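Down below is the structure, laid out as structure tokens.
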Amino acid sequence: MKVQGKDAGLNFLLEKQAMPDIKKELIQHYISARDFHKAKQLAEEGYHKYLTALPGLAIDFAKQLVLVAECQNDHLALIKWGTVVFLGWGDFDYYNQMKRAVDAQSWLKVVDDLLKETGHNSRHPHAGIYAKAQILSLENRLPDLYKLITSNPEGYSLLSEYESILKTDYPEGIAKIYETEIYKKLEGYNLGRSLYQDICRLLRRIKKLGFSEKVTAIGMQLQTRYTNRPALLDELSRV
């Protein structure tokens, strides 16, 4: 009876496999049964079927292809489908899984390929500048990380996360980014004490980088330029 129950369950999955959730369950059945040929065939079918219309669903099938590759110890397939999942989903667990699967020399090429697909102009929604910065950080490619931050309009938003590993080699450049951001904030329309507090936090960060004289000069310039902003002057007096 137990065998019949299993057969009935499998028959149900086979009959209803046009439904994506059922197809994924059927693939998992074949993976558990170590029928990797059928699992791979169905997962690739699902991936290509939904890639254009439902890319998130396609990624689910790509994840199953990563699992098949891992079970078969197929490093080339693992890199192929791991890359698809990483770029499509931004999941660094797959990045780390790929890194563990290949030797150090081979990994350098994988990283270079990933970096080409990530960044400000990436066609992958989850593989933008933040993913690229994290890759460069993980691989200790600090000159490239610094270049990414200084050459990108969104670079300032990355500094809070990466200042600690960049400040030893690039203190002056980081201070310059903060200084530019201060003046940019003051040119906006969303003015008020909370903004002025943000500006003063940036001044304190410049000071911590070792540029006290620069902070003094910026503060004096702001006090002269914005005499009609008492809240700003008050916050500056506390730096």
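Tabulated results
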| read-out | value |
| --- | --- |
| Top-ranked residue in the stretch 122-156 [being in a loop (DSSP other than H, G, I, E, B) and touching a Gly at 6+ places or on another chain (Cβ under 9 Å); ranked as surrounded by the fewest Cβ atoms within 10 Å (Cβ to Cβ)] | Pro125 |
| Unique residue being more than 18 Å from Ala133 (Cβ to Cβ), over 22 Å from the mean Cα position of the chain (by Cα) and at pLDDT 95 or above when the list is Ala69, Ala58 | Ala69 |
| Residue match in the stretch 74-89 (condition: surrounded by 14 or more Cβ atoms within 10 Å (Cβ to Cβ) and over 30 Å from Leu145 (Cα atoms)) | yes |
| Yes/no for Tyr196 being in contact with a Leu (Cβ under 6 Å, 6 or more places away or on another chain), farther than 22 Å from Glu154 by Cβ and of a type in the set (Phe, Trp, Tyr) | yes |
| Pair list, Cβ < 6 Å and 6+ apart or interchain, from the stretch 39-52 residues that are assigned by TED's automatic domain parsing to the domain that holds Leu13 to residues that are basic (Lys, Arg) and not in a loop (DSSP other than H, G, I, E, B) | Gly46/Lys23 |
| Selected residue [in contact with a helix residue (DSSP H, G or I) (Cβ under 7 Å, 6 or more places away or on another chain), on the phi < 0 side of the Ramachandran plot and in the same structural domain as Leu145 (by TED's automatic domain parsing)] from Leu115, Leu57 | Leu115 |
| Hits in the stretch 157-185 (condition: surrounded by fewer than 17 Cβ atoms within 10 Å (Cβ to Cβ) and among the aromatic types (Phe, Trp, Tyr)) | Tyr183 |
| Residues (surrounded by fewer than 13 Cβ atoms within 10 Å (Cβ to Cβ), under 17 Å from Thr180 (Cα atoms) and charged (D, E, K, R)) located in the stretch 205-239 | Glu213, Arg225 |
| Helices (runs of 4 or more DSSP H) enclosed by the stretch 52-116 - at least 3 residues per element that are aromatic (Phe, Trp, Tyr) | 75-89, 92-101 |
| Residues satisfying the stated conditions in the stretch 180-211, i.e. among the acidic types (Asp, Glu) and assigned to a helix (DSSP H, G or I) | Glu181, Asp198 |
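Every residue, every condition in (1) free of Cβ contacts under 8 Å to residues at least 60 places away in the same chain; (2) touching a Ser or Thr at 6+ places or on another chain (Cβ under 9 Å); (3) hydroxyl-bearing (Ser, Thr, Tyr), yes or no:
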{"position": "Asn121", "(1), (2), (3)": "yes, no, no"}
{"position": "His124", "(1), (2), (3)": "yes, yes, no"}
{"position": "Ala127", "(1), (2), (3)": "yes, yes, no"}
{"position": "Tyr130", "(1), (2), (3)": "yes, yes, yes"}
{"position": "Leu136", "(1), (2), (3)": "yes, no, no"}
{"position": "Asp144", "(1), (2), (3)": "yes, no, no"}
{"position": "Ser157", "(1), (2), (3)": "yes, no, yes"}
{"position": "Asp169", "(1), (2), (3)": "yes, no, no"}
{"position": "Glu172", "(1), (2), (3)": "yes, no, no"}
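The values are calculated or read from the model by the stated rules, or taken from the named source; none is laboratory data. This one's a predicted model, so the numbers in the text were calculated from it and none came from an experiment. Backbone-built Cβ (ideal geometry, glycine too); neighbour counts: all protein chains shown.
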